[in-house]
1. So which residues in segment 31-60 are acidic (Asp, Glu) and either within 21 Å of His94 (Cα to Cα) or open to solvent by less than 30 Å² (accessible area, probe 1.4 Å) (or both)?
2. Looking at segment 65-78, can you tell me whether even one residue there is part of a loop (DSSP other than H, G, I, E, B) and loosely packed, with under 14 Cβ neighbours inside 10 Å?
3. Does Pro66 satisfy the condition of being out of contact with any helix residue (DSSP H, G or I) (no Cβ under 9 Å at 6 or more places or on another chain) and either under 19 Å from Ile92 (Cα atoms) or modelled with pLDDT of 85 or more (or both)?
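The values are calculated or read from the model by the stated rules, or taken from the named source; none is laboratory data. Remember, predicted model here, so these are calculated numbers, not experimental data. A quick note on method: Cβ atoms are made from the backbone with ideal geometry, for glycine too, and the neighbour counts reach across all protein chains shown. Ligands, DNA and RNA are stripped out before the accessible areas are found, and what is left, the full protein with its side chains, is counted by its heavy atoms. Shrake-Rupley method; radii C 1.70, N 1.55, O 1.52, S 1.80 Å.
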Amino acid sequence: MVCGRGGRLLALLALLGAGALEAQTITSEWASRPLPAVRAAAEGGDAVAMRVLANAYLAGESGLKPDAAEAARWLRRAAEQKDVLAQFVLGILHDEGR
């Protein structure tokens with residue numbers, strides 16, 4: 001998760017309650033998988049995998065170069081599937097002009 005915005009993330013988790021904690025657990029499970037598996041799931045339409053892939057682009061993890069535009073593309077796709085954490089992070093990117 002984009003933890004550089006820790007205060008915003010904590011506020012979101014507090015607002016969403018148990019649902020957000022469950023979503024974070026699922027995210028952690030996906031984040032431990034190899035990037036090719038995450039990418040394949042994201043391309044197959046899995047919203048959580050899309051968000052994890054976006055986070056990898058934001059942080060420049062798993063051999064990816066940091067790319068806010070590519071991250072926003074994946075976040076937008078996840079947000080369209082009603083993934084509230086993707087909607088939140090996408091909002092932060094817009095707020096920051098990225």
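1. none
2. Within segment 65-78, one or more residues are part of a loop (DSSP other than H, G, I, E, B) and loosely packed, with under 14 Cβ neighbours inside 10 Å.
3. no
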